[in-house]
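See below for the structure under consideration.
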């Protein structure tokens with residue numbers, strides 16, 4: 001697990017193999033920021049979907065509990081990294097980006 005500085009506030013980055021054991025807790029949320037089409041083509045059961053490219057993304061983030069722990073994922077890790085950065089700027093303190101996205105996660109499960 002590594003830390004990346006976003007201004008003076010870091011967000012964590014974790015490989016998929018670690019997220020699959022760290023996330024399934026009552027106080028943690030797996031946030032999928034892919035498009036509707038990507039999400040409906042296959043997603044992790046129990047994940048929360050907010051399309052980062054859709055209208056109202058920032059407003060929907062504002063409604064989330066900033067005290068919870070979030071594991072953010074997309075297809076390859078680029079959009080989720082941007083979403084994690086935005087979340088840190090908005091005051092979320094426990095944000096982890098899924099390195100390699102769902103593509104990497106699915107590859108590790110094979």
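The values are calculated or read from the model by the stated rules, or taken from the named source; none is laboratory data. Remember, it's a predicted structure, so these values are computed and weren't measured experimentally. With ideal geometry, Cβ positions are generated from the backbone for all residues, glycine too; neighbour counts draw on all protein chains shown.
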> Of the residues that sit in segment 60-84 and are more than 19 Å from residue 17 (Cβ to Cβ) and under 10 Å from the mean Cα position of the chain (by Cα), which one is surrounded by the most Cβ atoms within 10 Å (Cβ to Cβ)?
Replying inline: 83
> If you check every pair at least six apart or on different chains, which have Cβ atoms under 6 Å apart with a residue in segment 94-110 that is closer than 11 Å to residue 17 by Cα first and a residue that is modelled with pLDDT under 85 and outside any helix (DSSP H, G or I) second?
Replying inline: 99/15
> Inside segment 85-102, can you point out the residues that are surrounded by fewer than 20 Cβ atoms within 10 Å (Cβ to Cβ), in a strand (DSSP E or B) and touching a helix residue (DSSP H, G or I) at 6+ places or on another chain (Cβ under 7 Å)?
Replying inline: none
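Could you list all residues from segment 58-76 that are in a loop (DSSP other than H, G, I, E, B), touching a helix residue (DSSP H, G or I) at 6+ places or on another chain (Cβ under 9 Å) and free of Cβ contacts under 8 Å to residues at least 40 places away in the same chain?
Restricting attention to segment 58-76, the residues satisfying the condition of being in a loop (DSSP other than H, G, I, E, B) are 63-68, 74-76.
Now drop any that are not touching a helix residue (DSSP H, G or I) at 6+ places or on another chain (Cβ under 9 Å), which leaves 64, 66, 74-76.
64, 66, 76, listed by residue number.
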> So which residues in segment 44-56 are surrounded by 15 or more Cβ atoms within 10 Å (Cβ to Cβ) and either over 13 Å from the mean Cα position of the chain (by Cα) or at pLDDT below 90 (or both)?
Replying inline: 44
> Of all the residues that make up segment 4-34, how many are at pLDDT 70 or above and either touching a helix residue (DSSP H, G or I) at 6+ places or on another chain (Cβ under 9 Å) or in a strand (DSSP E or B) (or both)?
Replying inline: 16
